[in-house]
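> Have a look at this one before I ask anything.
Each value in this text was obtained by applying a stated rule to the coordinates, not by laboratory testing. Predicted, not measured: the structure shown is a model, and the values here were computed from it. Virtual Cβ from ideal backbone geometry, glycine too; neighbours counted across all protein chains shown.
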Amino acid sequence: MPSRATLCACLLLLACVGQAAEPVTQRWHFTVRLGERKIGEHVFERRESASEQQMTSRAQFNVDWMRIPLLRYRHQADERWQAGCLAEIDATTHTNGRAETVRGQRTLTGFRLEAPGVATLNAPCVMTFAYWDRRILEQKTLLNAQTGAYMAVSVRFLGNENIPVGGKPHQAEHFLLEAQDLRIELWYAPDGQWLGLAAPLRDGRRMTYTLEG
């Protein structure tokens, strides 16, 4: 029969192994504003294991005028990444009741995409507009998880500045990412952590993402 000390050591070892196997979770919770008005939130969660990353994105925006609903936006995306490249995506977006679905997965011949037709992206490593991964600033093309469009992008560095994070100023590097009719401003901490986002709209207003801690 094993001794009590041996049993304790085995239980401790099993507990440590169990803890090591649990995926690491990182969360970004953004308050979304249109001008000065809060319209919703966008939450990103990343679960990381030794072999892959699971990324979830959930957005919900409501815009009203005189109690009349102008915009109802819901977005949900589940992405699986391996070795820094997109391996699988399943995303659904509802804009005022109109649905868009993007699904795809990496195959031996490329990334097979259904959005809504079927196409294969002949690229060794496909990335979405994964703002949480600063490496998107080095890419020439990115996959739009809402429309399925594989878009040419360009990036410019706009300088260093302080932005609010959890109610406190944080030093950040400011970039502008452009793709077709998209102009997206992004802020990153010096260590690469994503801190904020802003985008001008066609009516002249500005949508901003403020990180809540």
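> Measure nothing but the geometry: give the 0 to 90° angle between the long axis through the Cα atoms of 4-21 and the longest principal axis through the Cα atoms of the chain, rounded to 10°.
Value to nearest ten degrees: 20.
> When all alpha-carbon pairs of the chain are counted, what percent fall beyond 30 Å?
Of the Cα pairs, 31 percent sit more than 30 Å apart.
> Could I ask something else about it? Can you give the helix-only mean residue ellipticity at 222 nm for the chain, where every DSSP H stretch with n ≥ 4 adds -39500 (n - 2.57) and the sum goes over all residues, rounded to the nearest 500 deg cm²/dmol?
Details: 1 runs with 18 residues, N = 213.
My calculation for the chain gives -3000 deg cm²/dmol from helical runs alone.
> Work out, in µm²/s and without decimals, the Stokes-Einstein translational diffusion coefficient of the stretch 47-126 at 4 °C, 1.567 mPa s, Rh from Kirkwood over C-alpha pairs.
Working: Rh = 14.3 Å.
Value of D from the Cα-based Kirkwood radius: 91 µm²/s.
> Continuing with the same structure: Could you sort the peptides 94-100, 65-71, 189-195 by per-residue average Cβ neighbour count (10 Å cutoff), highest mean leading?
Numbers: 94-100: 11.0, 65-71: 8.4, 189-195: 14.6.
For the peptides 94-100, 65-71, 189-195, the packing ranking is 189-195, 94-100, 65-71.
> Using a Gaussian network model of the chain with C-alpha springs under 10 Å, which one of Asp78, Asp203, Asp133 is most mobile by mean-square fluctuation?
Maximum among the listed residues: Asp203.
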